[in-house]
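Encoded as structure tokens, the structure appears first; notes follow it.
The values are calculated or read from the model by the stated rules, or taken from the named source; none is laboratory data. Since we're looking at a predicted model, the values are computed, not measured. Cβ sites come from the backbone with ideal geometry, for glycine too, and all protein chains shown count toward neighbours.
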Amino acid sequence: MSMKRCHAVAARAGWLAMIACVVLGVSAAWAIDPTELPDPKLQARYLALTHELRCMQCQNQSIADSPVGLASDLRREVREMLLAGKSDDDVRNFMVARYGEFILFRPRFSARNAWLWFGPLVLLAVGCFAAVRILRQRSALLAQDNEPVDEEPRS
């Protein structure tokens, strides 16, 4: 390839990279919540709550980070409840009553979801038990092995 052609390809790639950065940067800016509350403590509570609540449409983003309309509605609802003097627990309870426990990134402990909390511990205990048992069986087999090691390789 000639030098002019190499420079042209590199220039096109640079322009494409710049356009991609601008497009991705703009889409990331859409997810920023511009809500400002009058009291800094209220603003801190608002930010904490919106990062605790899951967007029901995106499901892996908080309502603070999600650009969809439902998340915007939920942020507005949280803002209005905080301005009305509701506590953080009141806001959480309202959202759970409306959308279920799934809306919380950190689900509350209950009999219904106890397996979420204890399941990993039970699986870890079962894994440790199996590992110890296998190691004991292998060490017992090694103690019973009296045959000399073959010096010549098998084919």
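Would the stretch 64-71 turn up any residue that is of a type outside the set (S, T, Y) and more than 19 Å from the chain's Cα centre (by Cα)?
Step one: list which residues in the stretch 64-71 are of a type outside the set (S, T, Y), which gives 64-65, 67-71.
Checking the rest, the ones that are also more than 19 Å from the chain's Cα centre (by Cα) come to 69-70.
Yes, the stretch 64-71 has at least one match.
With (1) among the polar types (S, T, N, Q); (2) at pLDDT 90 or above; (3) more than 30 Å from R112 (Cα to Cα) as the list, and S2 as the residue in question, which single condition is left unmet?
So the condition that S2 fails would be (2).
Scan the stretch 102-122 and tell me whether some residue there is surrounded by fewer than 10 Cβ atoms within 10 Å (Cβ to Cβ), over 25 Å from A44 (Cβ atoms) and at pLDDT below 90. Steps first, answer last, please.
Restricting attention to the stretch 102-122, the residues satisfying the condition of being surrounded by fewer than 10 Cβ atoms within 10 Å (Cβ to Cβ) are 106, 111, 121.
Narrowing further to those that are over 25 Å from A44 (Cβ atoms): 111, 121.
From the residues that got through so far, the ones that are at pLDDT below 90 too are 111.
Yes: the stretch 102-122 contains one or more residues that are surrounded by fewer than 10 Cβ atoms within 10 Å (Cβ to Cβ), over 25 Å from A44 (Cβ atoms) and at pLDDT below 90.
So the check is Cβ under 7 Å with 6+ separation or different chains; which pairs have a first residue in the stretch 59-88 that's over 15 Å from L47 (Cβ atoms) and a second one that's charged (D, E, K, R)?
No pair meets every condition.
Would you tally the residues in the stretch 40-72 being of a type in the set (D, E, K, R) and more than 18 Å from F105 (Cα to Cα)?
Keep residues of the stretch 40-72 that are of a type in the set (D, E, K, R), which gives 41, 45, 52, 54, 65.
Checking which are more than 18 Å from F105 (Cα to Cα) leaves us with 41.
The qualifying residues number 1.
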